[in-house]
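For reference, the structure is listed below as structure tokens.
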Amino acid sequence: MDSLKGIEEAIVKGRMDEVKLLTRQALEQKIPVNDILNTGLIKGLETVGKLFESQQIFVPELLMAGMAMKDALSILKPIMEKSDIPPVGKVVIGTVEGDVHDIGKNIVSMIFVGSGFQVTDLGIDVSAQKFVDTVEKEKPDVLALSCLYTPTRLAMNDVMRLLKERNVRNDVKVIIGGAPIDQNYANMIGADGYAPDPPSGVKKVMGWLGK
Ligand code: B12
């Protein structure tokens, strides 16, 4: 599909206005949001990641691509969050301490909202203390942790440790995700589960809540 290829290329080039325009046009052409997201936008970011790894582009280009992605997501957000399902549960989400990547986390958040969950998003670089304070205060059904930068995986373990220290570990289910995460890591730190993408995350959480 040409429009999706165009979106992918505009992300790679970090052309914000073009990404917004093409995203709007794709919606007008009734291209499904999932395709715009996965075959256009996320594919673009994957290419950006590869170019960065092979040092063909550097942090400024990474930043531009990230900003263009965020602009596009702001257009898709109202559609992704539209839900006529009655509230099914409460989720607190955030990117762990030391990590500033939030595009994936924002998508997870939108898809949870769209699936009927009430979501509190704590943002990026969230300390273990802030996560656990929020669990105590808001009593969510689920705590969702995201990370993209491998060294910050350890911060997920800090959250698990503090949940236990403050005696709230059994009050909340913990799901973790992000590119450097897998089920083994979830088992290692004692999280309830891992999911590779938002739909399988929602499915897992629905199962935990018996929905
Ligand atoms: C955009 C980007 C940035 C932007 C981020 C903008 C933003 N607001 O997020 C900026 C420029 C800030 C950035 C900074 C850095 N980045 Co960066 N970045 C990327 C890039 C290109 C895309 C990330 C992205 O958004 N992907 C798209 C989203 C949709 O995918 P996702 O995050 O994986 O999320 C999906 C799933 O993982 C899952 N998911 C995610 N979280 C959760 C949580 C739960 C609970 C569940 C169920 C699922 C789930 O669902 C999401 C949707 O499908 C990646 C390359 C790549 N291929 O990913 C590098 C990448 C992640 N960055 C990298 C690096 C090294 C850095 C820097 C250290 C660079 C530097 N030298 O400064 C800094 C780190 C700063 C820090 N301390 O965090 C490396 C990480 C390598 C590693 N293994 O650790 C990567 C892989 C690039 C590379 N190939 O080298 N980055």
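The values are calculated or read from the model by the stated rules, or taken from the named source; none is laboratory data. The shown structure was predicted, so the numbers you read here are calculated from the model rather than taken from an experiment. As a convention, Cβ positions derive from the backbone with ideal geometry for all residues, glycine included, and neighbour counts pool all protein chains shown.
On the given criteria, is Ile79 in contact (Cβ under 8 Å) with a residue 12 or more places away in the chain, surrounded by fewer than 21 Cβ atoms within 10 Å (Cβ to Cβ) and under 20 Å from Ala195 (Cβ atoms)? So Ile79 fails the test. Number of residues in the range 174-202 that are closer than 17 Å to Val96 by Cβ and more than 6 Å from the ligand (Cβ to nearest atom) equals 12. If we scan the range 135-144, do we find a residue that is free of Cβ contacts under 8 Å to residues at least 24 places away in the same chain, more than 14 Å from the ligand (Cβ to nearest atom) and not acidic (Asp, Glu)? Yes.
So, in the range 50-63, how many residues would count as being surrounded by 15 or more Cβ atoms within 10 Å (Cβ to Cβ) and either at pLDDT 95 or above or in contact with a Ser or Thr (Cβ under 6 Å, 6 or more places away or on another chain) (or both)?
In the first step, residues of the range 50-63 are kept if they are surrounded by 15 or more Cβ atoms within 10 Å (Cβ to Cβ); the result is 51-52, 57, 61-62.
Of the ones still in play, those that are also either at pLDDT 95 or above or in contact with a Ser or Thr (Cβ under 6 Å, 6 or more places away or on another chain) (or both) are 51-52, 57, 61.
Going through the range 50-63 one residue at a time, the tally reaches 4.
Applying the criterion of being closer than 20 Å to Ile189 by Cβ and touching a Ser or Thr at 6+ places or on another chain (Cβ under 7 Å) to the residues of the range 126-139, the residue that is surrounded by the most Cβ atoms within 10 Å (Cβ to Cβ) is Val126.
From Ala179, Ala155, grab the single residue that is in a helix (DSSP H, G or I) and either under 30 Å from Phe52 (Cα atoms) or assigned by TED's automatic domain parsing to the domain that holds Asn38 (or both).
Details: Ala179 fails: in a helix (DSSP H, G or I).
The conditions single out Ala155.
Residue by residue, here is whether (1) among the hydrophobic types (A, V, I, L, M, F, W, C); (2) more than 30 Å from Lys137 (Cα to Cα) holds:
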{"position": "Glu61", "(1), (2)": "no, yes"}
{"position": "Lys82", "(1), (2)": "no, no"}
{"position": "Pro87", "(1), (2)": "no, no"}
{"position": "Lys90", "(1), (2)": "no, no"}
{"position": "Thr95", "(1), (2)": "no, no"}
{"position": "Gly104", "(1), (2)": "no, no"}
{"position": "Met110", "(1), (2)": "yes, no"}
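Scanning the range 147-156 for residues that are more than 9 Å from the ligand (Cβ to nearest atom) and surrounded by fewer than 17 Cβ atoms within 10 Å (Cβ to Cβ) yields a total of 1. Set side by side, the residues Asp17, Asp71, Asp99, Asp35 differ, and just one is outside any helix (DSSP H, G or I) and not hydrophobic (A, V, I, L, M, F, W, C), which is Asp99.
Every residue, every condition in (1) β-branched (Val, Ile, Thr); (2) assigned to a helix (DSSP H, G or I), yes or no:
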| site | (1), (2) |
| --- | --- |
| Val113 | yes, yes |
| Thr134 | yes, yes |
| Met160 | no, yes |
| Asn167 | no, no |
| Ala191 | no, no |
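Evaluated against (1) under 22 Å from Lys164 (Cα atoms); (2) more than 10 Å from the ligand (Cβ to nearest atom); (3) polar (S, T, N, Q), Ser83 falls short on exactly one condition, (1). For the range 105-119, does any single residue satisfy the condition of being free of Cβ contacts under 8 Å to residues at least 12 places away in the same chain, surrounded by fewer than 20 Cβ atoms within 10 Å (Cβ to Cβ) and under 26 Å from Asn167 (Cβ atoms)? No, the conditions are met nowhere in the range 105-119.
Against the condition in contact (Cβ under 8 Å) with a residue 40 or more places away in the chain, under 26 Å from Pro32 (Cα atoms) and within 14 Å of the ligand (Cβ to nearest atom), how does Gly94 come out, does it pass?
On the way: in contact (Cβ under 8 Å) with a residue 40 or more places away in the chain: yes; under 26 Å from Pro32 (Cα atoms): no; within 14 Å of the ligand (Cβ to nearest atom): yes.
Judged against the criteria, Gly94 is not a match.
Suppose the filter is surrounded by fewer than 14 Cβ atoms within 10 Å (Cβ to Cβ), in contact (Cβ under 8 Å) with a residue 12 or more places away in the chain and of a type in the set (D, E, K, R); does Lys43 pass it? So Lys43 fails the test.
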